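Notes for the one structure printed next.
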Amino acid sequence: MRTVVAYKRFYKDDFEKDFINLLDEKLSTFNENKEQSLSIKDHIQNVLNTNRLRNLTNKPVVEPIQSFPSGLYSQKDLMNLFNIKHKVALYRKLELLGINKMELGNMVRYSKEEIDEELQEDNDREFLARMYITDFLHLTKTYGDKYILEIQKQALKVLEKNEIAGF
């Protein structure tokens, strides 16, 4: 039994509170007189997407499961839960949410805790964005423990460039 980690998930509490407040202010200013406003979630995801390495394909990290999760969902369970009719739509939703899969022999399952965390509306940990694990490993190799500061710096820099360019 093993876990296939393909994504690194980022939550609001991963970032400094001051950064989130500053970004919120800058986005409010940025969104003035715009038909379609840009949310913190969308902006962080855009920044992480610009961090994609061009010639690098995402190679998931396979890890043995340390402790068995309290519950698992099958693809069929998730299709019913999310009210999705086609597997392709389910795969796209799981990728968008950055949900990692577990392989049990030849069966693929998804952690109940990870899915339920996504479904809770009163959740303290607000999901912001996901990054491919290969890109995340490269980011941590380049910046070490300060990778989150680099993401914050890039998020503000991108926003300032867009304000200057008049977007």
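The values are calculated or read from the model by the stated rules, or taken from the named source; none is laboratory data. Since we're looking at a predicted model, the values are computed, not measured. Virtual Cβ from ideal backbone geometry, glycine too; neighbours counted across all protein chains shown. Note: accessible area is taken over every heavy atom of the protein model, side chains too, but ligands, DNA and RNA are not part of it. Shrake-Rupley method; radii C 1.70, N 1.55, O 1.52, S 1.80 Å.
Here the Gaussian network model covers the chain, with springs between Cα atoms less than 10 Å apart; of N100, N83, N58, N83 fluctuates the most. Accessible-area rank, largest first, for V61, V47, V5: V61, V5, V47, with all protein chains present and a 1.4 angstrom probe. Within the listed set Q75, Q152, Q120, the residue fluctuating most in the Gaussian network model of the chain (springs between alpha-carbon atoms under 10 angstrom) is Q120. The relative contact order of the stretch 56-132, computed from alpha carbon pairs under 8 Å that lie at least 6 residues apart in sequence, is 32 percent.
Identify which of the listed values of Rg/Rh (Cα atoms, Kirkwood Rh) was calculated from the structure shown: (i) 1.00; (ii) 1.04; (iii) 1.07. Computed from the coordinates, Rg/Rh (Cα atoms, Kirkwood Rh) corresponds to (i). Under the criterion of Cα pairs below 8 Å and six or more residues apart, the relative contact order for the stretch 19-167 equals 33 percent. Per residue, the chain reaches -15000 deg cm²/dmol at 222 nm when only DSSP H runs of four or more residues are counted, each adding -39500 (n - 2.57). Of the residues Q154, I44, I65, the one whose Cα sits farthest towards the positive end of the charge dipole of the chain is I65 (charges of +1 on Lys and Arg Cβ, -1 on Asp and Glu Cβ, taken about the Cα centre).
The overall shape of the stretch 61-135, judged from the alpha-carbon gyration tensor, is rounded, with an a/c ratio under 1.5. For the stretch 91-146, the solvent-accessible area works out to 61 Å² per residue, with a probe of 1.4 Å and every protein chain left in place. Once all protein chains are placed together, K157 keeps about 110 Å² accessible to a 1.4 angstrom probe. Pairs over the 30 Å Cα-Cα cut-off, from the set K12/K59; K12/K161; K12/K112; K34/K59: K34/K59. Per-residue surface analysis assigns E126 an accessible area of about 80 Å², computed on protein heavy atoms at 1.4 Å probe radius.
Over all other residues within a Cβ to Cβ distance under 15 Å of Q75, the charged ones net out to +4, with Lys and Arg as +1 and Asp and Glu as -1.
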